[in-house]
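Accompanying notes for the structure given below.
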Amino acid sequence: MGKKGSAKNPSDNLDDINAAINTIVKSMIGSQHQAQGNSPVIYRFDIRVDTRGVTVANPNPGAIIRQPKLAKAAESEPLIDVIEHEASVIVTADMPGIERGKLSLFADSGSLSITSKGRRAYNTTIDLPSQVDPRGAHAFYNNGVLQVELTKSRSYEGKGIKIEMS
C-alpha cells in the first residue's frame, strides 16, 4: 500500500496513511473478533512511512488482537502508550491515585506487567513490540504517570525480573 516517491516528510503521505487506516478499520469491523457483552476488543496496527517515502501498513504486527477480561469494580486497566524506538521500547501508563510504593513492575523479554494495590488498583500485562533486556530497565513515576524504558535485545533469554523505580 502506498505511493513510491521521494517524500522526505511523513505529512507528504497523509492520503496514503488515511487510506491505510480506513482499510485496516474496515477489516477490523468485519473480523471474527467481535466484542462479547460489555468487554471491548483491542486491535493493534502499525502504519509507517519507510525511508523511500512509501506508506507501509500492517494490520496485525505481532499477532496482537485480544479481548481483555472485564476489570473488577475496584480494579481497572491504565491508559497505556507503547512507543518503539530504534534501540528501546518506552511504555507510558496513566495511573492517577497510586502511591509510588504500591506500584509493582515485572518484565521479561517480551512483556511488562504493571500491578498496584491500594484505593485504586491496576493489573495489566503489555505485550512488547520487540524483545527487550529487562535488566537495564529504567522506571519513573511522577504525578500519576508511569514511564518505563526498556532496552531492545535479541539475545536476552533470562528469567523475568522485578523492575525498581528511580
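Where a number appears in this text, it was derived from the coordinates with a stated rule and is not lab data. The model shown is predicted, which means the values in this text are computed figures rather than measured ones. Please note: Cβ atoms are built from the backbone with ideal geometry, for glycine as well, and neighbour counts cover all protein chains shown.
A few comments on the model shown:
- The trypsin sites (Lys or Arg not before Pro) of the range 116-158 that DSSP puts in a loop, and whose beta carbon has at most 13 other beta carbons within 10 Å, are 119, 154.
- Proxy reagent accessibility, fewest Cβ within 10 Å first, across 103, 146: 103, 146
- Remark: the range 137-147, residue by residue, has Karplus-estimated 3J(HN,Hα) of 5, 10, 10, 9, 10, 8, 6, x, 10, 9, 10 Hz, where x stands for each Gly or Pro and the curve is 6.51 cos²θ - 1.76 cosθ + 1.60 at θ = phi - 60°.
- Size of charge dipole - the range 73-163 - debye, nearest 20, with Cβ of Lys, Arg +1 and Asp, Glu -1, no other charges: 440
- Sequence ranges 121-128, 95-102, ranked by mean other-Cβ count within 10 angstrom, highest first: 121-128, 95-102
- Here the residues 109, 116, 104, ranked from fewest to most Cβ neighbours within 10 Å of their Cβ, fall in the order 104, 109, 116.
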